[in-house]
Amino acid sequence: MATQTLTEGPVGFLGGTFDPLHLGHLRIALEVAQQLGIADMRLLPNYLPPHRQKPLLSAEKRLAVLSKALESCPELSLDLSEWQAVEQGEAQAGYTVDSLRRLRKQLGNRPLVFVVGDDAFAAIDSWKEYQVLPELCHLVVATRPGYCLPAGSVAAQWLEQYAPQPADTFSNRAAGTVQRCEVTALDISATQIRELLAAGKSVRYLVPESVLALLEEK
Ligand code: ATP
């Protein structure tokens, strides 16, 4: 009997602005990877064109912080495909659906797992072409303190509609499931870090120690 051959194991992506990266990001990426058996987990920063730049961190600084932090985290890597596509003018903006199509081309039929936090997932129906996302990837929703999915929302509906069946695993399906993953609650946000930095206060223990100096330099 012919079975579908998936070339290799799943590849996971945590997409984000990382303005800046904090321990919440690193911890959810690591925990999702460990819980769901994803050996290749990548952080996928989006490049914001200069006119959309947030006030505190430049694109270069966001990238420098990511690179430095990942030096001491061999379980995670950096995927610059979306960043480069926008920077080189191949894509106008870093929409997730465009990135996933690009990644899908690169990965063939390898399982592709896109990780989002509760807050991002709650607004999934505001994303460009959101209806096609389950055709392109599996979605894993990491729990985030302070957020819940409103009953009746598209997000809540998707968790039922695309719930993995007992026979579904990341090694036999390339895309198409949506599930939650309970992770350690870390109530840290990039907004909070930007506010602390702007007020001249320390962000120690909220971000990796290795990037403290980079973030706190004037
Ligand atoms: P901001 O405060 O600027 O909105 P953020 O802290 O949410 O930023 P993003 O880069 O926007 O960081 O987040 C990237 C992804 O990581 C999103 O899917 C978000 O939901 C998730 N995420 C970020 N922080 C946490 C956290 N502490 N717990 C769970 N998920 C998180």
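The numbers here are math on the coordinates, done by the rules we state, and not lab data. Please read these numbers as outputs of a predicted model, since none were measured by experiment. Glycine also receives a Cβ, built like all others from the backbone with ideal geometry; neighbour counts cover every protein chain displayed.
In this structure, the residue pairs whose Cα-Cα separation is over 29 Å, taken from K105/K128; K68/K218; K128/K201, are K128/K201. The helix-only estimate of mean residue ellipticity at 222 nm for the chain, built from DSSP H runs of length n ≥ 4 each weighted as -39500 (n - 2.57), is -10000 deg cm²/dmol after division by the residue total.
For S126, S72, the sequence from fewest to most other C-beta atoms within 10 Å is S126, S72. A simple spin-label model places the labels of D125 and Q192 3.0 nm from each other, with each point 7 Å out along Cα-to-Cβ. Multiply the residue gap between E209 and T169 by 0.36 nm, knock off their C-alpha separation, and tell me the result in nm, one decimal place. Value of the extension gain: 10.8 nm. The aspartates and glutamates within cross-link reach of K61, meaning a Cα-to-Cα straight distance under 20 Å and a gap of 8 or more places when in the same chain, are D19, E71, D79, E82, E87, E195, E209, E216, E217.
Just tell me the longest site-free run in the chain, where the sites are chymotrypsin sites (Phe, Trp or Tyr not before Pro) in a DSSP loop having at most 14 other beta-carbon atoms within 10 Å.
On the way: sites that count: Y147, Y205.
The longest such stretch corresponds to 1-146.
Largest GNM mean-square fluctuation across D40, D19, D168, computed for the chain with C-alpha springs under 10 Å, falls on D168. Rounded to the nearest 20, the Cβ-based charge dipole of the chain about its Cα centre (Lys and Arg +1, Asp and Glu -1) stands at 260 debye.
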